[in-house]
1. Sort out which residues of the stretch 188-216 are farther than 17 Å from residue 145 by Cα and loosely packed, with under 11 Cβ neighbours inside 10 Å, and write them in order of number.
2. Restricting to the stretch 170-192, name every residue that is within 14 Å of residue 152 (Cβ to Cβ) and either of a type in the set (D, E, K, R) or touching a residue at least 12 places away in the same chain (Cβ under 8 Å) (or both).
3. List pairs: first residue in the stretch 100-121 and under 8 Å from residue 46 (Cα atoms) and in contact (Cβ under 8 Å) with a residue 12 or more places away in the chain, second residue of a type in the set (Phe, Trp, Tyr) and not in a helix (DSSP H, G or I) anywhere in the structure, Cβ distance under 6 angstrom, at least six positions apart or on different chains.
4. For the stretch 139-182, which positions are of a type in the set (A, V, I, L, M, F, W, C) and touching a Cys at 6+ places or on another chain (Cβ under 9 Å)?
5. Have a look at 64, 81 and point out the one that is farther than 19 Å from residue 102 by Cα and either at pLDDT below 85 or among the hydrophobic types (A, V, I, L, M, F, W, C) (or both).
6. Would you list the helices (runs of 4 or more DSSP H) that sit entirely within the stretch 128-194 and hold 1 or more residues that are more than 18 Å from residue 213 (Cβ to Cβ)?
7. What is the residue count in the stretch 152-177 for residues that are surrounded by fewer than 13 Cβ atoms within 10 Å (Cβ to Cβ) and closer than 25 Å to residue 136 by Cα?
8. For the stretch 68-106, how many residues meet the condition of being touching a helix residue (DSSP H, G or I) at 6+ places or on another chain (Cβ under 7 Å), surrounded by fewer than 17 Cβ atoms within 10 Å (Cβ to Cβ) and within 14 Å of residue 50 (Cα to Cα)?
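The values are calculated or read from the model by the stated rules, or taken from the named source; none is laboratory data. Since this is a predicted model, take the numbers as computed values, not measurements. As a convention, Cβ positions derive from the backbone with ideal geometry for all residues, glycine included, and neighbour counts pool all protein chains shown.
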Amino acid sequence: MLMKNTAKVRTNPIAMNAVRASAALLGAALVMGVLQHNAQAAERSGKEIVEAACANCHATGEKSAPKIGDKTAWSKLAEQSLSSLTAVALKGIRNMPPHGASMKLTDIEIKRAVTYMVNQSGGSWVEPTSKTAAPVERSGAQIVKMRCGQCHEKGLHGAPKIGDADAWIPRLKDGLDPVVRSAINGHGGMQARGGMANLTDNEMRNAITYMFNKGRVPEKTAK
């Protein structure tokens, strides 16, 4: 019976066309999956790109490149839009070659690198995401430096200071989850998600954990 049914499929043009169409769709889905996976694997965070390419000059200010951490130099640049700074980096300027001499970098990676350097120099830009790659999750230290430290560093507006166990322990008496939910929703003088709407729930958790553990848990040495 199986042989007869198989023979019917082979000799039935409509059935054969349906089989071919299904195979083509499956093949296309597999190809798209591979392409998407490769795109996700290829795109790097701003920090990774800066460490791999931009830091050659921007870490020390070599060849008149604005040094990472120089708030005066970068604040002037930050007055321009991200698109404007990216266009300059893509074309090259003065001693800087196009794409920072790394022609394999995509436009979105250049944008991420620029954003990272601005943020390391006093800015609070949001690192752009793409349609093909999931956003890179930021660490607690990155988020605190970018935003939370503005109040929590000195305990402004009643915010518990970073690393102050006496201030944090009472807030954590019912566990970490209620504190994270409170930070997500906002309370008192604190805006929802600390005023950064693009922070994920897990990033909020990372930031709170970092502020509580700061000074008590050894930090990994940044490379």
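1. Matches in the stretch 188-216: 188, 189, 216.
2. Hits for the stretch 170-192 are 171, 179, 183, 188, 189, 190.
3. If the second residue must be of a type in the set (Phe, Trp, Tyr) and not in a helix (DSSP H, G or I), the pairs left are 115/125.
4. 159, 162
5. 81
6. The qualifying helices (runs of 4 or more DSSP H) are 149-152, 176-185.
7. The total comes to 1.
8. Final tally of qualifying residues: 1.
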